[in-house]
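Structure first, commentary second.
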Amino acid sequence: MAEELSYSTFSAKDAKTRFGEMLDEALSRPVGITKHDRLTAFVISRREFEAMNRKLSELEDKLWLAKAEIARLGGYASEGEVETFLKDFRSADDEKT
């Protein structure tokens, strides 16, 4: 289960007039920006943004691996084709790190 997102909020007007304070707050947790009492955007730290991108990349990798396994089990790809795909996939993954 995904954990509930904890964030503070600033109105768009406050975000504009208290920009530095909002950025400081965003270093420790996401900041929601509201306009007309509706949540419209988030400001997050660079660290949080990079962590989210890493997690997204990991999830995309897992999805491709699952799709390869489904193709193999469904007879859409041979064992050899899946092994070649996984070998190429792992090589590309190793080059990223």
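Throughout, read-outs are computed from the coordinates displayed, never taken from laboratory work. Given the structure is predicted, the values throughout are model-derived calculations rather than measurements. As a convention, Cβ positions derive from the backbone with ideal geometry for all residues, glycine included, and neighbour counts pool all protein chains shown.
Rounded to the nearest Hz, the phi-derived 3J(HN,Hα) couplings of segment 32-37 under the Karplus curve 6.51 cos²θ - 1.76 cosθ + 1.60 (θ = phi - 60°) are x, 10, 10, 9, 6, 6, where x marks glycine and proline. With each label modelled as a point 7 angstrom along the Cα→C-beta vector, the residue 73-residue 42 pair spans 3.1 nm. With contacts taken as Cα pairs under 8 Å at a separation of at least 6 residues, the chain carries a relative contact order of 17 percent. Proximity of backbone amide H atoms, modeled 1.01 Å from N, is registered between residue 11 and 34 at under 5 Å, excluding neighbours fewer than 5 places apart on the same chain. Computed from the Cβ-Cβ distance with R0 of 22 Å, the FRET efficiency linking residue 62 to residue 92 stands at 0.90.
DSSP finds beta bridges in segment 1-93, and of those with both partners inside it, around 55 percent are antiparallel. Distance between the modelled labels on residue 17 and residue 4, one decimal in nanometres: 3.1 nm (7 Å Cα→Cβ projection). Computed from these coordinates, which is volume of the Cα convex hull per residue in Å³: (i) 137; (ii) 123; (iii) 235? Computing volume of the Cα convex hull per residue in Å³ and matching it to (i) 137; (ii) 123; (iii) 235 gives (i). Per-residue 3J(HN,Hα) values for segment 79-86, derived from phi via the Karplus relation 6.51 cos²θ - 1.76 cosθ + 1.60 with θ = phi - 60°, read 4, x, 5, 5, 4, 4, 4, 5 Hz in sequence order (x marks Gly and Pro). Each eigenvalue of the Cα gyration tensor of segment 47-96, multiplied by 5 and square-rooted, gives one semi-axis; in descending order these are 26, 13, 4 Å.
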